[in-house]
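Take a look at the structure set out below.
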Amino acid sequence: MDEAGQPVLKVRNLRTGFATPAGTVVAVDDVSFDIRRGEILAIIGESGSGKTVTALSLIKLITTPPGKYLGGSIELAGADTLKLDEAAMEGVRGGTIGMIFQNPRASLDPSFTVEFQLVETMMRHDSALDRSAALDIATRSLQEVGFPDTARVLASYPHQLSGGMCQRVGLAMVLACSPKLLIADEPTTALDVGVQAKILLLLKKRNRESGLPIIIITHDIGVVRAIATRVLVMYGGHIQEEGEVDELLSAPLHPYTQALIRSIPDPDAPAGTMTFIRGEPPNLLAPPRGCRFAPRCERATAICHAQVPEWRSAGGGRMVRCHLAVPEAVQ
Ligand code: SF4
């Protein structure tokens, strides 16, 4: 059992890259963070910021070329998962760490019924479980994610279910295995608004009732506001800012976070006033020499183009990677 207050997961100086004919693209660069029981940690950023590669790295899915781990550690239950072999990782995936993917059908096999997939998955992760006990848990788990007619869902093949139903079945399968950590990669992006709200409520309910720590990867600030307790902002493979959700969203310190929040569409704003972040994300084959956001940053000065900013405390539990963002009081 985890000791109260101790991190369930500790990531330190993680570097993950992809070999290309032109060199190695370092998609996740020197990333460190913890997550504790009861927390919902959102990792946000534009496409290409490194957030999904971070999530896949945590369950060691970047194992075949061109992907490779370049350094760092991922400590889960006292063991560095980067040092575990594939057989051990199969036990971790779906057992200790549950994962929900953006594509609701990605975690389901089209050739088997929901009952077969739920029961087999549970029995694979718990050898003490017999078929009838596994079916009981599967049924309760489907009820927990809001299916009143569990017999019909259990007898269905994935193609007989809508995308939203598949996502709820995937969530039921993950929760039935009682993970110590849940990672959800854009779990609501492909779903309509009503189903989105239902999935977010389910995640929040499980987190509140059992303390299940959740890492949610999203580009949607609305999802962050609805569910997260803490936020990491990624850009160019680096974490740029970290803080409790209310403080970070109401008073962002990093110019990139500020620009992200300013670019949330406002349906009531007059036509032509929508803002966006000018320029393009950096080429990670040859990132900018100093701050990775400098070519797009309105506040950039000479030092920003020359030196990578350090990751440092801004006080009050806030961390930021910017030469100019730390309030004078904590410098
Ligand atoms: Fe902008 Fe400079 Fe801060 Fe980078 S370090 S975000 S360029 S002000």
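Students often check this: by mean Cβ neighbours within 10 Å, which of 135-148, 94-107 ranks highest, and how do the rest follow?
Packing proxy ranking, top to bottom: 94-107, 135-148.
Which whole-number value in Å³ per residue fits the convex hull of the alpha carbons of the chain?
Working: hull volume 53.2 nm³, N = 331.
About 161 Å³ per residue, rounded to a whole number.
For 157, 235, what's the largest-to-smallest order of accessible area, 1.4 Å probe? Intermediate results must be reported in sequence, preceding the final value.
Values: 157 85, 235 5 Å².
Sorted descending by solvent-accessible area, the residues read 157, 235.
Could you give the nm distance between label points at residue 178 and residue 209, where each point is 7 Å from its Cα heading toward the beta carbon?
Taking the two extended label points, one gets 1.5 nm.
What order do 308, 31, 193 take when sorted by accessible area (1.4 Å probe), most exposed first?
Values: 308 75, 31 0, 193 115 Å².
Ranking 308, 31, 193 by accessible area, largest first, yields 193, 308, 31.
For residue 275, put the label point 7 Å out on the Cα→Cβ axis and report which residues of segment 281-315 keep their amide N under 12 Å from it.
Residues passing the 12 Å test: 298-299.
Helix 131-144 sits at what angle to the longest principal axis of the chain, using alpha carbons and giving 0 to 90 degrees rounded to 10?
So the helix axis and the longest Cα principal axis differ by about 50 degrees.
Name the lysines eligible as straight-distance cross-link partners of residue 83: C-alpha to C-alpha under 30 Å, and not fewer than 8 places from it in the same chain.
Hits, sequence-local ones excluded: 10, 51, 60, 68, 180.
Counting only C-alpha contacts under 8 Å and six or more residues apart, can you give the relative contact order of the chain as a whole percent?
Value for the chain: 20 percent.
Counting only the heavy atoms of the protein chains, how much of residue 322 is accessible to a 1.4 Å probe, in Å² to the nearest 10?
Accessible area of residue 322: about 20 Å².
The values are calculated or read from the model by the stated rules, or taken from the named source; none is laboratory data. Only a predicted model underlies this, so the values are computations on that prediction, with no experimental measurement involved. Every residue, glycine as well, gets a Cβ built from its backbone with ideal geometry; the counts of neighbours run over all protein chains shown. Accessible surface is based on the protein model in full, side chains and every heavy atom, while ligands, DNA and RNA are left aside. Shrake-Rupley method; radii C 1.70, N 1.55, O 1.52, S 1.80 Å.
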